[in-house]
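Notes follow once the structure below has been shown.
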Amino acid sequence: MSTAGLKGINAVGHRGWVTVKCRICATKLDTTLDIVYMCPHCRDKYDAYFCAADARRLHYRCPFCGRRLELITPWIAEKRGTR
Ligand SMILES: [Zn+2]
Ligand SMILES: [Zn+2]
């Protein structure tokens, strides 16, 4: 996987959990820029973060426990009108 084009974006240093990986497609997601869904119950155990496309494919249900996924970034979704 080439990350050459993405390097500049995350060059800020320790951003901790701000950058997460989609559990399904392994896309890097920036919780300050991208719409990110997660399962609060499986987040620690399975890194249960999901991009918007995969969340929709999962019908907003966690594939591990079946509970509803939560939007980490409601303000971004509102801005884009894709809630
Ligand atoms: Zn994904
Ligand atoms: Zn879950």
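The numbers here are math on the coordinates, done by the rules we state, and not lab data. Nothing here was measured: the structure is a model prediction, and the numbers come from that model. A quick note on method: Cβ atoms are made from the backbone with ideal geometry, for glycine too, and the neighbour counts reach across all protein chains shown.
Data for the structure
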read-out: Charge dipole (the stretch 16-80, unit charges on Cβ, about Cα centre) - positive-most of 63, 53, 77; value: 63
read-out: nm² value of the averaged projected area, convex hull over the Cα atoms of the stretch 16-80; value: 4.0
read-out: Point-charge dipole on Cβ atoms (K/R +1, D/E -1) for the stretch 16-80, about Cα centre, debye to 20; value: 220
read-out: Using θ = phi - 60° and Karplus 6.51 cos²θ - 1.76 cosθ + 1.60, couplings along the stretch 37-42 (whole Hz; Gly, Pro as x); value: 10, 8, 9, x, 7, 10
